[in-house]
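Okay, so here's the structure we're looking at.
The values are calculated or read from the model by the stated rules, or taken from the named source; none is laboratory data. Remember, it's a predicted structure, so these values are computed and weren't measured experimentally. Backbone-built Cβ (ideal geometry, glycine too); neighbour counts: all protein chains shown. Just so you know, the surface numbers come from the protein's heavy atoms only, side chains and all, with ligands and any DNA or RNA stripped out. Shrake-Rupley method; radii C 1.70, N 1.55, O 1.52, S 1.80 Å.
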There are 2 protein chains.
Amino acid sequence: MNIKNVLVAQSGGPTSAINASLAGVLKATIDSEEYTTCYGAINGILGVLSEKYLDLTKKAAEDAEFINLLTHTPAMYLGSCRYKLPDYKDDDSSYVFIFSQFKKLNIGAFFYIGGNDSMDTVLKLSNYAKEIGSDIRIIGVPKTIDNDLCRTDHTPGFGSAAKYIASSVLEIAHDTFIYAVKSVTIVEIMGRDAGWLTAAAALARNDYSSAPHLIYLPEAPFDKESFLSDVRAELSKRNNVIIAVSEGIRDKDGNYITSSKAMADTFGHQQLSGAGKALEFLIKENIDVKVRSVEVNVLQRCAAHMASKTDLDESFAQGEKAVALSVKGETGCMVVLNRLSNAPYEVEYSHARISEIANEAKSVPREWINEEGNDITSELIDYLKPLIEGEVVLSYKSGLPVYLDISHLNH
Amino acid sequence: MNIKNVLVAQSGGPTSAINASLAGVLKATIDSEEYTTCYGAINGILGVLSEKYLDLTKKAAEDAEFINLLTHTPAMYLGSCRYKLPDYKDDDSSYVFIFSQFKKLNIGAFFYIGGNDSMDTVLKLSNYAKEIGSDIRIIGVPKTIDNDLCRTDHTPGFGSAAKYIASSVLEIAHDTFIYAVKSVTIVEIMGRDAGWLTAAAALARNDYSSAPHLIYLPEAPFDKESFLSDVRAELSKRNNVIIAVSEGIRDKDGNYITSSKAMADTFGHQQLSGAGKALEFLIKENIDVKVRSVEVNVLQRCAAHMASKTDLDESFAQGEKAVALSVKGETGCMVVLNRLSNAPYEVEYSHARISEIANEAKSVPREWINEEGNDITSELIDYLKPLIEGEVVLSYKSGLPVYLDISHLNH
């Protein structure tokens, strides 16, 4: 048998679980009879183009704690990139170089862990491999806190972000309820096009707190007058109103509700901020009440200390699954999860064609949002609940979580 | 012996440790031979003025987990207020009412847990007690994430906030280092007048990360040109520069650093920015680099899931100490901590006259900030380090931390 190596890279925005998938790829490679070394490319596909690699198999051999620590370290251990490959029909030079690297490193399978944009890279590389008759397996491993990848029940990283959001909203409720004066607190949550993460704020509700009292997602058109009327109605019922709002809410004509200038990134996305601020000002101008907006910061995607055990376990298993798929000869696909049942929660691991996933996005179904567009339905809560279950146990040193040394990224 | 009851209330802004002090007062009351019932006033001194009380001794008797859960629940279990008593020489009506309440409830000691403003209430009530010849003990228990109370080494709530800030900056470093492009990330931290909490960001530094690379506190005058020069120097050394800045930084004339640059939102409003945004704009206008500012939100004062065990233990013990002081006949004082040693870390519990504490504030000594005013010294790090040591173990239910039911505040 011709023993090959594997190459893995990470791309797109950080999550608390993306290294768990990397750890899964590494563990499965080490355990396999088909592969020897697991190489990691630094900064995504750019690392292949610039020949920057780490020997992960060696790292794991040198440190018995490496795979465990990697599983619990937030953001990308291998670094990331936001780089879109050109169409190879227009310019195949980078493809030629990438596949020469694959040959040089004796690569049998390439795993790319990322979101929609990264799956575009998987699609292009697998199409090119087919074109040139290469038998190198090109497989995507999903990752995104946005939970907007098609053909899979939910994405690695989402459950941990959802747990962070729900616990944050619960703690903000404790923070807010202390004053016996009328107030409105707006919590702005990440999600440019999909409201999944904002919806997770609803998991903060419990026996003693119904916060968030209003939830606005990008999937339901936002109306200024309805919003003010919703807020007034809630203020008539209680002192402290807490509102969860997605950064990507927009009006019926599709215009973002935002207070900052739109800028475009490499992929043409608009960089948003300020939906929360916009609503804060709207309330200030129309309702005589104390109002504050809170922009949940980047910790919603990298607070590994609040990771969901369910999420990390599934992310690790999806990394392992990718290796198993490659051994079976699969290529041009992404690992997916199919949910078999909500209660008891059960999923199965499978795969889907990458062409059905790349550059597509999955929104919250309109029927999982209430008719008024200011809350979510119980079906969505049932869907979300299992994903935040379970806590991870981190090591601490000098009062802080112990994560893996990332000095190789500290350029 | 004339068995009395005690009354306790909480005031000012939330911390993760203020309920630990309340739990300490409750536990010591239950354990004492001098007192029977521990009453809590709802919403600080306003709860006394409006006769809103909870019987905490009864709560503890009904639920064996009550004191433990209380210790770990963020913000004020009894609610808070921001209310300044008038001078009793001008208007003694509220004093007359408060002391009639004390008599009605057979109160022997009143404990007020709070920061500078709350200690003003302790001072005024104890002066009035002296004036009318009352033997009711009036004792302050400190609390503030700002760590700016005089006569005590550090304040309950600060260690937990410091731990949250340090771990957040570490996780933000992981989040930031993933891209191999030059970037500046500004983290704005609470602290209008004192830089203690911003200084705690320095604890994020470890073997593989020197972030935050620059630290600016309100105690050192901020100069725009020096700042830009600092940032350029750091960018010449590394790709990703992380800056910790206090919300209260000001120039040599004492003017706060805010941006006049207006941002128009969807509804045509203009908004003024905080220190972080101001520095973001300053860099954008002067240095060609990707820049982002992160305002650490209210979780820095209520993220009980990241509490410092040292802080909670000390906060609990300071609540107990307040009860012990009252039994000894002390009044008109606040519980304080004296540090005996940094390593091994050792403190002793004592008390100081409330007149030396109320309405005073403790700043970071200038000699604990480096000469350039862009970092802190090793003395300050040695002071901070022990305060974030130790982790708390919370119970979780459905993936979220279990805190005490606060429906009595949910008006």
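So residue B:172 ticks every box in (1) facing chain A (nearest Cβ under 9 Å); (2) in contact with a Pro (Cβ under 8 Å, 6 or more places away or on another chain) but one. Which box is left unticked? All conditions pass for residue B:172, except number (2). Contact annotation: residue pairs with Cβ atoms under 9 Å, 6 or more positions apart or on different chains, pairing a residue in the stretch B:112-124 that is part of a strand (DSSP E or B) with a partner that is surrounded by 24 or more Cβ atoms within 10 Å (Cβ to Cβ) and charged (D, E, K, R), are B:113/B:143; B:114/B:143.
Restricting the stretch B:284-305 to residues that are at pLDDT 95 or above and among the aliphatic types (A, V, I, L, M), the residue that is farthest from residue B:71 (Cα to Cα) is B:287.
Within the stretch A:99-117, work out how many residues are within 23 Å of the chain's Cα centre (by Cα) and at pLDDT 95 or above.
Filtering the stretch A:99-117 for residues within 23 Å of the chain's Cα centre (by Cα) gives A:110-117.
Narrowing further to those that are at pLDDT 95 or above: A:110-114.
Matching residues across the stretch A:99-117 total 5.
Counting only residues that are within 23 Å of residue B:123 (Cβ to Cβ) and within 14 Å of another protein chain (Cβ to nearest Cβ), the stretch B:18-48 holds 11 of them. Within the stretch A:96-133, being among the polar types (S, T, N, Q) and touching a Gly at 6+ places or on another chain (Cβ under 7 Å) holds for A:118, A:126. The residues in the stretch A:80-98 that are under 28 Å from the mean Cα position of the chain (by Cα) and among the small types (Gly, Ala, Ser) can be counted, and the count is 2.
Any idea which residue in the stretch A:38-59 is farthest from residue A:22 (Cα to Cα), counting only those that are among the charged types (D, E, K, R) and part of a loop (DSSP other than H, G, I, E, B)? Outline the logic, then answer.
Step one: of the stretch A:38-59, the residues among the charged types (D, E, K, R) are A:51-52, A:55, A:58-59.
Those left that are additionally part of a loop (DSSP other than H, G, I, E, B): A:51-52.
Working: A:51: 19, A:52: 17 Å.
By that ranking, first place goes to A:51.
Residues that are within 14 Å of chain B (Cβ to nearest Cβ) and among the polar types (S, T, N, Q) within the stretch A:354-411 comprise A:395, A:398, A:407, A:410, listed in sequence order.
What do you reckon, is residue A:342 within 14 Å of chain B (Cβ to nearest Cβ) and among the polar types (S, T, N, Q)? Before the answer, list the steps.
Working: within 14 Å of chain B (Cβ to nearest Cβ): yes; among the polar types (S, T, N, Q): yes.
Criteria met by residue A:342.
Cβ-Cβ distances below 6 Å connect the following pairs, each with a first residue in the stretch A:194-214 that is within 14 Å of chain B (Cβ to nearest Cβ), a second residue that is of a type outside the set (Asp, Glu) and open to solvent by 20 Å² or more (accessible area, probe 1.4 Å), and a separation of six or more residues or different chains: A:202/A:381; A:208/B:407.
Among the residues of the stretch B:38-50, the one identified as more than 17 Å from residue A:178 (Cβ to Cβ) and in contact (Cβ under 8 Å) with a residue 60 or more places away in the chain is B:39. In the stretch A:80-102 there is no residue that is within 14 Å of chain B (Cβ to nearest Cβ) and over 28 Å from residue B:170 (Cβ atoms). Per the conditions (1) over 30 Å from residue A:161 (Cβ atoms); (2) assigned to a loop (DSSP other than H, G, I, E, B), the sole criterion not satisfied by residue A:77 is (1).
Residue A:14 satisfies every condition listed in (1) within 19 Å of residue A:404 (Cα to Cα); (2) assigned to a helix (DSSP H, G or I) except (2). Hey, among A:73, A:36, A:15, which residue is surrounded by fewer than 20 Cβ atoms within 10 Å (Cβ to Cβ) and modelled with pLDDT of 95 or more? Answer to the selection: A:36. Checking each residue in the stretch B:60-74 for being within 12 Å of chain A (Cβ to nearest Cβ) and either more than 21 Å from the chain's Cα centre (by Cα) or assigned to a strand (DSSP E or B) (or both) picks out no residue at all.
Restricting attention to the stretch A:89-110, and to residues there that are outside any helix (DSSP H, G or I) and among the charged types (D, E, K, R), which single residue is surrounded by the most Cβ atoms within 10 Å (Cβ to Cβ)?
Per the stated criteria, the residue is A:92.
For the stretch B:371-395, which residues satisfy the criterion of being more than 20 Å from residue B:163 (Cα to Cα) and either open to solvent by less than 30 Å² (accessible area, probe 1.4 Å) or modelled with pLDDT under 95 (or both)?
Here is the first cut: in the stretch B:371-395, the ones more than 20 Å from residue B:163 (Cα to Cα) are B:371-374.
Within the stretch B:371-395, B:373, B:374 qualify.
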